[in-house]
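See structure below.
The values are calculated or read from the model by the stated rules, or taken from the named source; none is laboratory data. Not measured: the values here are computed from a predicted model. With ideal geometry, Cβ positions are generated from the backbone for all residues, glycine too; neighbour counts draw on all protein chains shown.
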There are 2 protein chains.
Amino acid sequence: MTYDLWYWPGIPGRGEFVRLALEAGGIAYRDRAMEKGDEDAGAKALMADMGGDRNDPPLAPPYLVADGITIAQTANILLFLGETHGLAPSDHAGRLWVNQLQLTIADLVAEAHDVHHPIDVAAYYEDQKDEAKRRARAFRKDRIPKFLGYFERAIDRHGPWLAGARWSYADLSLFQLVEGLRFAFPRRIGHVAGDYPKVFMLADKVAALPELAGYLPSDRRQAFGNGIFRHYPELDAAT
Amino acid sequence: MTYDLWYWPGIPGRGEFVRLALEAGGIAYRDRAMEKGDEDAGAKALMADMGGDRNDPPLAPPYLVADGITIAQTANILLFLGETHGLAPSDHAGRLWVNQLQLTIADLVAEAHDVHHPIDVAAYYEDQKDEAKRRARAFRKDRIPKFLGYFERAIDRHGPWLAGARWSYADLSLFQLVEGLRFAFPRRIGHVAGDYPKVFMLADKVAALPELAGYLPSDRRQAFGNGIFRHYPELDAAT
């Protein structure tokens with residue numbers, strides 16, 4: 001069967017974590033809002049679908065319609081795809097470990113978003129720019145090292161991938177997180193990359209996966225821009 | 001077997017979501033940092049354990065040591081407990097639905113924390129008080145209704161509990177979220193409670209569960225105070 005993926009068109013956002021798993025897993029899907037070909041039309045179609053009458057409503061995209069059920073929350077969708085399509089270890093401990101890593105990645109993704117929207121997600125960046133500068137400082141100084149150091153230890157323990165001998169959906173997500181951080185905080189990441197060689201090597205290995213060779217250069221892959229990871233030069237610095 | 005729960009002593013925090021599931025499920029556990037009887041000693045024991053040599057390190061508490069594996073991330077621990085002890089539906093769709101709800105609860109919990117720490121989690125509230133006032137306004141106005149309205153619809157569809165005829169760990173967590181919001185934002189919650197009758201009735205039903213009758217009045221249950229949910233009168237208002 002073909003899954004339906006619903007996410008805001010025009011940004012990678014949280015939808016990209018799902019898309020990477022679908023693509024790397026060779027799983028048939030329709031990218032419902034994207035296939036409208038026009039961002040406005042795609043966003044309207046998404047809102048119409050999301051407001052529709054269903055038993056398991058999502059609070060927000062991304063969500064996946066699969067086998068008659070609607071699955072929302074990025075880590076939950078990936079848990080489903082991991083189990084159903086072998087994108088995570090099948091043993092109890094390995095499955096929980098990958099879910100734990102995914103949730104930890106999701107925590108940093110949420111924080112990366114809040115760097116540019118520390119006060120009000122519904123207000124403009126320009127209206128919270130000074131606060132964003134202060135939050136960015138703490139994010140660069142404390143949060144990036146804390147999380148990247150953690151993933152470095154995880155790879156060190158389990159390597160070469162986060163959960164051992166085979167890549168899992170958490171590896172794809174770590175790649176996307178690293179890509180996002182590189183885009184939003186190039187000076188900071190340039191400064192610390194050498195401290196986390198295993199993390200950056202893993203990201204490079206994901207970028208070189210044969211399973212993603214067709215996808216990554218395609219126009220199905222969304223460029224960073226105005227989404228979760230944003231490059232505001234005033235929020236970036238080496239330290 | 002008896003599980004080991006590790007969490008910061010003296011605050012309910014994210015540990016309480018796990019504790020409620022353990023208690024309501026009648027599951028044997030040791031509350032390792034709490035049993036030191038002294039907060040400083042408990043925190044030291046936690047940090048020593050967390051820094052220990054293990055294959056599946058947690059980034060942060062809470063974590064559960066069970067069957068020789070360490071499980072971190074609140075929603076992941078609850079997924080494990082739900083599956084192992086029947087605290088969630090066992091069918092595929094129901095299990096994913098409860099995990100999705102738990103992750104959505106976790107999102108609002110994280111936002112409730114960031115209300116009083118919008119800039120820097122490692123800095124004092126007093127040093128980000130003005131920003132906190134602005135973030136609190138958006139949280140009260142937009143975020144509380146968005147999430148409570150969502151849970152109201154979920155109960156409306158599935159009722160009487162979030163996933164149907166039996167309570168699951170997500171119901172326990174929704175109760176704790178409601179309790180936390182009532183503590184931190186009593187004026188706001190007093191003003192909107194009537195809009196979400198099913199949510200508040202569900203919370204009352206959890207409070208009255210025979211499975212929790214021994215726990216809730218006990219000193220194993222931590223009082224709100226200086227943790228995720230904090231009552232700063234200047235951050236609360238009816239609207």
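Some points to look at:
- Against the criterion of being within 16 Å of the chain's Cα centre (by Cα), crowded, with 19+ Cβ neighbours inside 10 Å and charged (D, E, K, R), B:ASP107 does not qualify.
- None of A:ARG157, A:ARG230 is surrounded by 14 or more Cβ atoms within 10 Å (Cβ to Cβ) and within 18 Å of the chain's Cα centre (by Cα) except A:ARG230.
- Selection from segment B:37-55 of residues that are in contact with a helix residue (DSSP H, G or I) (Cβ under 8 Å, 6 or more places away or on another chain) and closer than 14 Å to B:GLN222 by Cβ: B:GLY42
- Residue match in segment B:44-60 (condition: of a type in the set (Lys, Arg), free of Cβ contacts under 8 Å to residues at least 60 places away in the same chain and more than 22 Å from B:GLY214 (Cα to Cα)): yes
- Given (1) surrounded by fewer than 16 Cβ atoms within 10 Å (Cβ to Cβ); (2) under 20 Å from B:GLN100 (Cβ atoms), number of the condition B:TYR196 does not satisfy: (1)
- Close contacts from segment A:206-221, counting a first residue that is free of Cβ contacts under 8 Å to residues at least 12 places away in the same chain and a second that is among the small types (Gly, Ala, Ser), with Cβ to Cβ under 7 Å and a gap of 6+ residues or different chains, come to A:LEU216/A:ALA207.
- Failed condition for A:ASP53, given (1) part of a loop (DSSP other than H, G, I, E, B); (2) within 14 Å of chain B (Cβ to nearest Cβ); (3) under 15 Å from the mean Cα position of the chain (by Cα): (3)
- Test for B:ALA66: is it within 30 Å of A:PRO62 (Cβ to Cβ), surrounded by fewer than 22 Cβ atoms within 10 Å (Cβ to Cβ) and either within 11 Å of chain A (Cβ to nearest Cβ) or of a type in the set (Val, Ile, Thr) (or both): no
- Residue check: A:ALA43 meets all listed conditions (1) within 12 Å of another protein chain (Cβ to nearest Cβ); (2) part of a helix (DSSP H, G or I); (3) hydrophobic (A, V, I, L, M, F, W, C) but one, namely (1).
- The sole residue among B:PHE147, B:PHE224 that is of a type outside the set (Gly, Ala, Ser), surrounded by 14 or more Cβ atoms within 10 Å (Cβ to Cβ) and farther than 20 Å from A:ASP114 by Cβ is B:PHE224.
- Residue satisfying all of: in segment A:73-104; within 13 Å of the chain's Cα centre (by Cα) and in contact (Cβ under 8 Å) with a residue 40 or more places away in the chain; farthest from A:ARG153 (Cα to Cα) among these: A:ILE77
- A:SER90 satisfies every condition listed in (1) assigned to a loop (DSSP other than H, G, I, E, B); (2) small (Gly, Ala, Ser); (3) facing another protein chain (nearest Cβ under 9 Å) except (3).
- Among (1) in a loop (DSSP other than H, G, I, E, B); (2) out of contact with any His (no Cβ under 7 Å at 6 or more places or on another chain) - the single one B:ILE189 does not satisfy: (1)
- Meets criteria (at pLDDT 95 or above, at the interface with chain A (Cβ under 7 Å from one of its Cβ atoms) and closer than 30 Å to A:LYS133 by Cβ) for B:ALA110: yes
- Of the criteria (1) away from chain A (no Cβ under 11 Å); (2) part of a helix (DSSP H, G or I), which one B:PRO61 fails: (2)
- Qualifying residue in segment A:117-134 (condition: closer than 22 Å to A:LEU79 by Cβ, in contact with a Leu (Cβ under 9 Å, 6 or more places away or on another chain), of a type outside the set (Val, Ile, Thr) and within 14 Å of chain B (Cβ to nearest Cβ)): no
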